[in-house]
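Down below is the structure, laid out as structure tokens.
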Amino acid sequence: MAERARESFRFRGREYPVRPGEGLLHQLTRAELPILVRSIRYHRPRAPYCGTGICTQCLVRVNGVPNIRSCMIEPHPGDVIETENAWPSSRFDLGGVLDRLFPSGIDTLHGFRRPSWLRPLYYRVIRRLAGFGQPPTPTGPGPTEPASMVEAEVLVIGGGPAGRAAAGRSRGRGVDVLLVDRGPLLAPPSGVRAMPHTFVAFLPPAAPGAPRVFRAVATGPAGQGVLLRARTVIVATGAYDGGLLFPGNDRPGVMTAEGALAVGAGLTTPPFSRALLFGGGERASEILDRLGSSIAAAASPAGFDPETTRRASDLGIPLYPRSLLREARGTRRVREAWLVPRGGGPRTRLEVDSVILAHRRLPHTQLLFQAGATMAWWGSAGAYLPVLDAELATNVPGLFAAGEAAGFPSGIAAEASGIAVGERAVGNPVRLADLPSRPPREGAPELLGYYAELLQSPLARGKWIVCACEDILLDELRDAHERGYVGLEEVKRYTGVGTGLCQGRFCLPDTLLLLSAWEQRPPPEVGYVTQRPPVMPIPLRALAELPEEPL
Amino acid sequence: MTGEPRDEYRIAIVGGGIIGLFTAVHLARAGAGPIAVFEKGFLSSGSSGRNGGGVRQQWEEAATVRLAREAVSAWRRFATEYGYNPFFRQGGYLFLASSPAETAQLDRVCRAVRSEGLPVERLSREEVGSRWPMLDSGSVTGATFLASDGTVYPFPAIWALFEAARRLGVEVWTRTPVSEILRDGGKVTGLLAGGRRVRAAQIVNAAGGWSAEVSALAGLSSANLPTRHEIFATEPMKPFLDPMLIRLRDGLYVSQTMRGELVGGLSVAHPPGLSPGLPTSIQFLRSMSRALLDLFPSLGGLKVLRAWSGYYDDTPDGMPILGEDPRLRGFFHANGLGGHGFMLSPAVSRRVAKSVLGEATDLDPAVFGLGRFLGEDHARTQERLQPG
């Protein structure tokens, strides 16, 4: 038994063999998509969604520590993995009755006030609904590595094409360059110091005074605190696949393109075989390329680009251009999806076992906001992006942005922006002719009109989940709007949207568009919320151990 | 509000936080309209949306205990009266001392609180350890606990008062900064709000951390000093901590909210004054996390979700500034509440409303009036129990 425990981990009371080098989510996802956690308020079943450590749909408790994203860790021999917020199990959870008892949600703001003598009891029950897990009861050892401080001349955050290109260029000029990435950093550019599995959670503006020094708070591979110091910072944090608002958008089987790749890529039998692909651009065609045999149909809010059309036709996949995704049905797993042509027309019912969202990429700009870069609304991208000068520098001395985080399209443009910024960051002239261009700042995001149309059509009943981390419903946003609360800041505080564990990455972009439609003014006038640190939740221990700096 | 403010109101309130809105509601109920509230930001953009939600009656001064006791009974009624749950939850306040001097301070607190008839408990380290076993009580030298203290969730209280004020006919103008206070010799005549001239014979300065600036708009010096304090929230958990905890040594305060998050801060000395952007410092994240793990050693894996900061509107003696300015007729102060404006707001706003209406209040001008900082006389009362 002791021998066995050394080479296996325990999940739901069963021993699983540890496969070194393979992530926990992958090991738990073989033939089926696991329901690992129940949602906060309504105990809705949730299955892996984003695959990139952002969402809250694959949270597990590991060795007594709650809310660990199973897509971000590897199990170790002897680990005990438990599901959260469910009894007796995440598949069959008695709490799930709440979802059925309150089909249009629980209004804790206005309800449960009378009679006043019952209020303490109400509050006790409401309090029990909060949180995914019990407080930590750690059973394993803490981080095996001590906290540290690492200094560099140039710090590059993000090891994708842009970050690697920037690091390589800066290093090529003989400067000391540190490249950090949240994941593994295979074969870093030559001469560049690489820190893999290092996540930067907080990048405050450089303190005033000379010499200029940026400090960044990060966690290292063992979860230990790391304080990074650099005179120049290049933010190349990339982008992620955004979500979509429709009833059933949180059902097991609905996932982003990255989520689908995380659970399905490289498997001969991915945990879905009849997926609806949503999106008509480059990302969609990539999914057709890599998961095509598991795709049953493709729909797009707009049209399909020629590449996607060609691939779909090669695979015999039917295309539904200019479609509203009206609903996904199925409780423990998506069973069917409903499409309606934009502008009206008959509904189409598709028997599918999942929905893969590949319709938009959203930039990871939180560090740029934090560091004080001037940000502007980019209509065509549907996101806020840094304002850059003609040579791709932000308005903050020493702070640069490259790649998808700065709004350059993935691939060649992202890499070219990295090359330019890597040169510029070490004071070299940039050949303006070599600079890639970003999409135009003007224009309205495709989804703005899409949502306006979706909200005008007769709404499907049931819960429209805007924020899956905190189970916040469309009706709550509408209530806030109708009561006279204006702008994203007020509505965030009224509903709690944007305050969950994903730090608003999935709900805020949609809330911005919804408010824009309701308030009938463009998104930048609806505003945005201050990007508070940390970028993603960071353990107390890592912060407590941060080294004091020598003064 | 849409459209434009009127040319004249009977009363203009500067600041749409809890004090301004609560005062407006009291005034409107007394039939004192027309009333306007001018808020330069959005609702809850100031300290009313940035505080930790503590409501306590443990103080060193009997005058503060009295205000706080009234506030607690008002918070108990709030959900019934205003249609929103502020989630006032009486989980108690536990003050921890870790030195003989702090223990002596808690003894003074006990005397003041008991003299007002509240059953505060004086606890030993052993009693703290057995009642709250999740706490590492090793460094505790003494403690006080009052079970009727508690916490509110600030936002719903703001929504409730905003809507109540509007139902009563109060105009609440958000995103409308006041840039000038108009006076005619020794009395106020109006203000510039959103660049527009508005007449009002009575003006209430309820601008929290910005109160000193608002007084300066009327050409008045003031004793208020905004100081920036930082705070953070952890990821939510199932309930495990009922009381609000305060450690005197470092000013640590922390409670577990209705949403399951641990929310708290501690004193990190920032230079006084307003700082644009209300930033978060690495120093705070480090010292706050250390302090929390000191008390809860098993929480090392718990994650910090969000950090922010806000202003305390401090005064030299730790007591608020309430009532009419002795130098300018019609200019009323409802400020200087340090970090405790939210919790005391029901009691404070009721009294400010009365004084605006010219009614007698129990506010001793020598304790609460701005005059105590103006003459030769020095403030006689000192409220030293400032953390949390």
For region B:56-121, the charge dipole (Cβ of Lys, Arg +1; Cβ of Asp, Glu -1; about the Cα centre) points to a positive end, and the Cα of B:Gln58, B:Pro86, B:Val72 closest to that extreme belongs to B:Pro86
Stretched fully, the stretch from B:Gln386 through B:Glu359 gains (0.36 nm per residue minus C-alpha distance, one decimal, in nm) 6.7 nm
Residues whose modelled amide H sits under 5 Å from the amide H of B:Gly338, counting only those 5 or more places away in sequence or on another chain, are B:Asp313, B:Asp314, B:Thr315
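Below 8 Å, C-alpha to C-alpha, sequence gap of six or more: please give me the relative contact order for region B:148-286 in percent.
16 percent
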Percent of all alpha-carbon pairs of region A:320-397 at distances over 18 Å, whole number, is 61 percent
Mean projected area, convex hull of alpha-carbon positions in region A:51-91, reported to one decimal in nm², is 3.2 nm²
Rg from C-alpha atoms of region A:182-250, normalised by the globular rule of thumb 2.2 N^0.38 Å, equals 1.49
Taking Rh as the Kirkwood radius computed over alpha-carbon pairs of the protein assembly as shown and applying Stokes-Einstein at 4 °C with viscosity 1.567 mPa s, one gets a diffusion coefficient in µm² s⁻¹ of 44 µm²/s
Sequence order, region B:102-111: Karplus ³J(HN,Hα) from phi using 6.51 cos²θ - 1.76 cosθ + 1.60, θ = phi - 60°, Hz rounded, Gly and Pro as x, gives 5, 4, 5, 5, 5, 5, 5, 4, 4, 4
P(r) over all Cα-Cα pairs of region A:86-212, 5 Å bins from 0 to the longest distance, whole percent per bin, short to long, reads 2, 8, 11, 11, 10, 8, 7, 8, 10, 9, 8, 5, 2, 1, 0
The base-10 log of I(q)/I(0) that the Debye equation returns for region B:1-115 at q = 0.12, 0.15, 0.19 Å⁻¹, one scatterer per C-alpha, is -0.63, -0.87, -1.14
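What is the packing order of peptides A:479-488, B:272-281, A:401-410, A:152-161, taking the mean over residues of other C-beta atoms within 10 Å and listing the highest first? Kindly include the intermediate steps, with their values, before the conclusion.
On the way: A:479-488: 18.4, B:272-281: 14.3, A:401-410: 27.9, A:152-161: 25.8.
Per-residue mean Cβ counts within 10 Å order the peptides as A:401-410, A:152-161, A:479-488, B:272-281.
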For region A:275-366, the Debye formula with one identical point scatterer on each Cα and no solvent gives log10 I(q)/I(0) at q = 0.20 Å⁻¹ as -0.91
Counting other chain Cβ atoms within 10 Å of each Cβ in A:125-132 and taking the mean gives 6
Diffing region A:474-483: the Karplus 3J(HN,Hα) column from phi (6.51, -1.76, 1.60, θ = phi - 60°), in whole Hz with x for Gly and Pro, holds 3, 4, 5, 5, 5, 4, 4, 4, 5, 7
Computed over region B:4-74, the relative contact order (Cα-Cα under 8 Å, seq sep at least six) in percent reads 27 percent
Distance in nm between A:Glu32 and A:Arg332 label points, each 7 Å along Cα→Cβ, equals 0.6 nm
Using the Kirkwood radius over Cα pairs of chain B, the Stokes-Einstein translational diffusion coefficient at 20 °C and 1.002 mPa s, in µm²/s and rounded to a whole number, is 101 µm²/s
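Report the net charge of residues surrounding B:Ala104, where surrounding means a beta-carbon distance below 13 angstrom and charges are Lys +1, Arg +1, Asp -1, Glu -1. Spell out each step's value before the answer.
Working: positive: B:Arg108, B:Arg111, B:Arg122, B:Arg384; negative: B:Glu60, B:Glu102, B:Asp107.
My count for the surroundings of B:Ala104 gives +1.
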Inter-chain shielding metric for A:528-540, i.e. average beta-carbon neighbours from other chains within 10 angstrom, reads 6
Counting lysine pairs in the protein assembly as shown that sit 8 or more positions apart or on different chains, with Cα atoms under 22 Å apart, gives 5
Taking R0 as 56 Å and r as the Cβ-Cβ distance between B:Arg66 and A:Gln520, the FRET efficiency 1/(1 + (r/R0)^6), rounded to the nearest 0.05, comes to 0.65
The base-10 log of I(q)/I(0) that the Debye equation returns for region A:162-286 at q = 0.11, 0.14, 0.18 Å⁻¹, one scatterer per C-alpha, is -0.59, -0.83, -1.05
Everything considered on the Cα gyration tensor (a ≥ b ≥ c; rounded for a/c under 1.5, else prolate if a/b is larger than b/c, else oblate), region B:93-160 must be described as oblate
Distance in nm between A:Thr144 and B:Leu192 label points, each 7 Å along Cα→Cβ, equals 6.7 nm
Counting all Cα-Cα pairs in region B:48-201, those more than 22 Å apart amount in percent to 59 percent
For the pair B:Asp250 and A:Ala460, the simple spin-label estimate (label points 7 Å beyond Cα toward Cβ) gives in nm 5.0 nm
Over its alpha-carbon atoms, region A:255-301 yields an Rg and a Dmax in Å of 9.6, 30
The summed charge of the B:Asp184 Cβ neighbourhood (under 12 Å; Lys/Arg +1, Asp/Glu -1) stands at +4
Note on region A:302-433: C-alpha Rg/Rh, Kirkwood Rh, two decimals, gives 1.13
At 20 °C in a medium of viscosity 1.002 mPa s, region A:429-500 has a Stokes-Einstein diffusion coefficient, with Rh taken as the Kirkwood radius over alpha carbon pairs, in µm² per second, of 140 µm²/s
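Would you calculate the convex hull of the Cα atoms in chain A and tell me its volume per residue in Å³?
170 Å³
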For peptide A:426-433, the mean count of other chain Cβ atoms within 10 Å per residue Cβ is 0
Around A:Asp107 (Cβ within 12 Å, Cβ-to-Cβ, excluding A:Asp107; K/R +1, D/E -1) the net charge comes to -1
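Once you keep just the Cα pairs under 8 angstrom separated by 6 or more residues, what percentage relative contact order results for chain B?
22 percent.
Throughout, read-outs are computed from the coordinates displayed, never taken from laboratory work. Given the structure is predicted, the values throughout are model-derived calculations rather than measurements. Cβ sites come from the backbone with ideal geometry, for glycine too, and all protein chains shown count toward neighbours.
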